[in-house]
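Report on one structure; see the data block that follows.
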Amino acid sequence: MIDFSAFSIWINLAIFATAAVAVWLAGARITHYSNAISDKTGIGQATIGLLLLAGVTSLPEIGATVTSAATGASAMAINNLFGSIAAQVVVLAIVDLVIGRKALTSAIPDPMVILQGGLNVLLISIVAAGMVVGDFPILGIGAWAWICGAAYAFAVYILSHSQGRKSWVAAQAGQIDDRLVDQQAAAEKKARKRHGRHSLRGLIWRTAGLALVILIAGYLLARTGDALSNQTGLGGSAVGFIMLAFATSLPELSTTVTAAREGLYTLAVSDILGTNLINVGLVFVVDFVAQGEPVLSQADTFTIFGTLLGIAVTALFVIGMAEREDKTVLRMGLDSVAVFICYAAGLAVMFFLR
C-alpha cells in the first residue's frame, strides 16, 4: 500500500486537487446516467439512489475501509466509517443552501425517502448499541456484525418492496400538493432528454466506467487527505477532522448537488441516506476481513459519539421531511439550520474526545 505521508505536501496537494476534479466531474455525469437508467428500467429514483448512486459513491470508502481492515488497522477502519456519517448528512444541508429556492425537505414527493431516513436511525442505533455493550465472536465474526449485516439486508428488502406504494402523499394546508409530483416529473423528463438516445446497455457501461474513476480518485482523495491533515499539523484538530470527513464525502457532494440542481430531489436525498445504510452493512465486511477481536469492540469514545451525532442529524432531517415546513433562514430550511448547529456542537465535543 502506498505511503502518501512519504510524499511532499505539494505532491499530495496536486494529487488531492486532481482527484477532487475527477470525482466532481464523474459524479455529475453519473447522476445523469442514474436518472436515465431509472427511466429505462422503471426503477424508482429512491431505489436507484439507494442501490446504484449510493453504491457507486461509497466505492472509495469501501476500498479504503476494507484495505485498512485487511492490513490490521481495523480500529481505524471502523472509526473512519462512522466518524463521517454525520458529515454525510451535513452534505444535504449544504445542498439545501446551494439550491436556495425552498427548503429541501419540503420539495420531496416520494414517501420512500422518509422510510429510508427511519431505517437509517434504526440501523445506526444498532451499531451504537454494539459499540457500547461490546461484541463477541460467532463463527469468527462479531455477533453485532452479524446483526448489522442482517439489518442492512432487511432494509434493502423493505425498501425494494415499498417502491411505487404511495403510503402517503405530499399536502399543503390540508390539500394534496400535486405540484411536487408534476415538478419531479418535469425534472425527470428534462434530464431524460440528455441521455435518452443511449441504450440501457450503453448507460450501464458508461456508469461502470465512471464508477471506476470515482473508486480510484475517491480512494486517492481519502489517502492524500489523511496525509495532508497530518503533514499540516491539523490531524488532531477539529479542522483536520472536518477536512478529512468532507474529502471522503466529495463523491456524495458532487452527485447530490448535481441531482438537486436538476430538480431530482428524491435521487439526491436517497444517495446520502443510502450511503449511510451501506456504512452499516460494511461492519459485517470489515469484521469478516479483520483479524483479532470484533471491530465494534474496538470503537473508542470518539467513534461512539460520532455515531450518535449521525443519529441526531439524521433524525432532524426525518423530522423536516415529515413536517414539510417551507420556511427558510439564510437560504436554508429550518431543519438544515438545525443540522448545522447540531453538527457544530458535536464537533466541539469531538475535538476534546480526540
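Label positions at residue 352 and residue 14, each projected 7 Å from the Cα along the C-beta direction, are separated by 4.4 nm.
Take the Cα of residue 161, go 7 Å toward its beta carbon, and none of the backbone nitrogen atoms of the stretch 269-289 fall under 19 Å from that spot. Protection proxy ranking, highest mean first, for peptides 336-346, 59-69: 59-69, 336-346, where packing is the per-residue count of other beta-carbon atoms within 10 Å, averaged. Using the Cβ of residue 226 as centre and a radius below 13 Å, the other residues enclosed give a net charge of -1, where K and R count +1 and D and E count -1. Between residue 291 and residue 200, the modelled labels are 4.6 nm apart [label points 7 Å from Cα along Cα→Cβ]. Placing pseudo-labels 7 Å out from each Cα toward the beta carbon at residue 101 and residue 153 gives an inter-label distance of 4.3 nm.
Taken together, the values in this text are just the output of simple stated rules run on the coordinates, not laboratory data. Keep in mind the model is a prediction, meaning the values are calculated, not measured. For neighbour counting, all protein chains shown are included, and Cβ atoms are generated from backbone atoms with ideal geometry for every residue, glycine included.
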